[in-house]
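Engineer: Got a structure for you, written out below as C-alpha cells; questions coming shortly.
Read-outs throughout are calculated quantities, based only on the coordinates presented, and are distinct from any laboratory measurement. Being a predicted model, the structure only gives us computed values, none of them experimental. Here the Cβ positions follow ideal geometry from the backbone for every residue, glycine too, while neighbour counts run over all protein chains shown.
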C-alpha cells in the first residue's frame, strides 16, 4: 500500500472550513493529505503565528493558503513569513485553487501555490439571476 | 456619533471585526490602541491591509487615544475602538471616564488564564481588573459577533455564559 502524500501546504481558515476543503480535495483527487489543516478556533494571534512559524521553520512548509485577506490567519501568516522570503501566502482560497495545487505536484510547493491563483479566480462566476444591476 | 464599540480582542483587526461588526455597523473608522503597533510602521501597514479602503484606521498608543477620545466621539461615522488586552483597556478607561462600555470580543488562551467562554480566557489579575472596571460603573459584557447575546461579566466569571 502506498503511503499518503506528505503535506505540501497548509490551509488555515475560519471554523471548519480548512477541514471541509481538504475533505473535498480528498474525495475528488485522493490527495487531501497533501494539505495540512488549521482552524483558528480558540487560538489567539500569538498562538496562530507560533503555529505557522513552527510549521515553516520545523517542517519546511513553503505554501500557505488562507481564507479572508483580512482574517486573523492571514495576519498571522504575514508575521510568520517575515525572514522567509521563499514562503508563498495565497489568500481567498477556494476548492478550485486547492485542486490545482495538489495536481501540480510537478512544481515546488511555493511555485504550485502561485500557479493556482488564476484557476481560483476563474472558478468564481455568477450565472442567471436576470440582468446585472447597474 | 460616539464610538459604537470598545472591544478587547487579541486578534485586533480580523474577520469578526471588519466583516462581522463592520459591515453591520457601516463602519467608518477603527481606532487601534496598542503601544507596540503604534510604534511599528510594519505592523501598522499589516493591519491597514486588512481593512477595506473606505474604513479609516487610526493607530494610537493608550495615552494618545486618551488624548484624542473627544475628537473620535465627534466623528459622525460609526467607529470601533480596539485594544489587544485587558491591561490596555483598563489604562485607557482610567484616562477617559467617558468610556462606559467594554466588549470582551476575544481573549484567548495563555499560561495562567482560565477559560470562561469559548473565546474568553482570563487570568486572576485580568478578572480583578475587569471587576474593578465594573465597580467604576463601566458595563463589561462578552460578545464575539453582533448576532450573539451580550453576556454580563458576572455570568462570564461564574461560568454561566454559554
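Engineer: Considering only A:55, A:27, A:79, give the residue with the highest GNM mean-square fluctuation for chain A, with springs between Cα atoms whenever their separation is below 10 Å.
Structural biologist: A:27
Engineer: Right, here's the next one. Inside 10 Å of the C-beta atoms of B:8-20, what's the mean count of C-beta atoms belonging to other chains?
Structural biologist: For this peptide, the per-residue mean of nearby foreign Cβ atoms is 5.
Engineer: Shifting gears a bit: To the nearest whole number, what is the average tally of beta carbon atoms from other chains within 10 Å of the beta carbons of peptide A:63-72? Write out the running numbers ahead of the final one.
Structural biologist: Values: counts 0, 0, 0, 0, 1, 5, 5, 12, 8, 11.
Partner-chain Cβ atoms within 10 Å, mean over residues of A:63-72: 4.
Engineer: While we're looking at this one, here's another question. Could you work out the helix-only [θ] at 222 nm for the protein assembly as shown, with each DSSP H run of four or more residues adding -39,500 (n - 2.57) and the total divided by the number of residues, to the nearest 500 deg cm²/dmol?
Structural biologist: Values: 13 runs with 116 residues, N = 296.
Value at 222 nm, helices only: -11000 deg cm²/dmol.
Engineer: Which order, highest average first, do A:109-119, B:8-18, B:67-77, B:49-59 follow once you tally other Cβ atoms within 10 Å for each residue and take the mean per peptide?
Structural biologist: With the highest mean Cβ count within 10 Å placed first, the list reads B:8-18, A:109-119, B:49-59, B:67-77.
Engineer: At 7 Å along Cα-to-Cβ for each site, give me the label-to-label distance between residue A:29 and residue A:85 in nm.
Structural biologist: If labels sit at residue A:29 and residue A:85, their model points lie 2.9 nm apart.
Engineer: Jot down the per residue volume, in cubic angstrom and as a whole number, of the convex hull over the alpha-carbon atoms of segment B:1-115.
Structural biologist: Working: hull volume 12.4 nm³, N = 115.
Residue-normalised Cα hull volume stands at 107 Å³.
Engineer: So, one more: For a quick check, take a GNM of chain A with Cα springs below 10 Å and name the residue from A:19, A:80, A:122 with the largest mean-square fluctuation.
Structural biologist: A:122
Engineer: Over the Cα atoms of chain A, compute the convex hull volume and normalise it per residue, giving Å³.
Structural biologist: 139 Å³
Engineer: Now a separate question. Using the basic label-point model (7 angstrom from Cα toward the beta carbon), what is the residue A:46 to residue B:154 distance in nanometres?
Structural biologist: 3.2 nm
Engineer: Once both axes come from the Cα atoms, what is the angle between helix B:124-135 and the longest principal axis of chain B, in degrees from 0 to 90, rounded to 10?
Structural biologist: Around 80 degrees separate the two axes.
Engineer: Over chain B, calculate the relative contact order: mean separation of alpha carbon pairs under 8 Å at least 6 apart, over the residue count, as a percent.
Structural biologist: Working: 275 pairs, mean separation 45.3, N = 162.
Result for chain B is 28 percent.
Engineer: Still on this structure: What does the structure give for A:38-48 when I average, per residue, the other chain Cβ atoms found within 10 Å of the residue Cβ? Could you put the intermediate results ahead of the total?
Structural biologist: Values: counts 0, 0, 5, 3, 7, 5, 12, 8, 6, 4, 3.
Partner Cβ neighbours, averaged per residue: 5.
Engineer: A further question on this structure: Would you please give the FRET efficiency between residue B:77 and residue B:132, computed as 1/(1 + (r/R0)^6) with r the Cβ-Cβ distance and R0 = 41 Å, to the nearest 0.05? Mind showing how you got there, number by number?
Structural biologist: Working: r = 32 Å, r/R0 = 0.77.
So the FRET efficiency works out to roughly 0.85.
Engineer: Can you tell which of A:70, A:33, A:23 shows the greatest fluctuation in a Gaussian network model of chain A with Cα springs below 10 Å?
Structural biologist: Between A:70, A:33, A:23, it is A:70 that shows the largest mean-square fluctuation.
Engineer: Once you put a point 7 Å from the Cα of residue B:110 and another 7 Å from the Cα of residue B:41, both along the Cβ direction, what distance in nm separates them?
Structural biologist: For residue B:110 paired with residue B:41, the spin-label model returns 2.8 nm.
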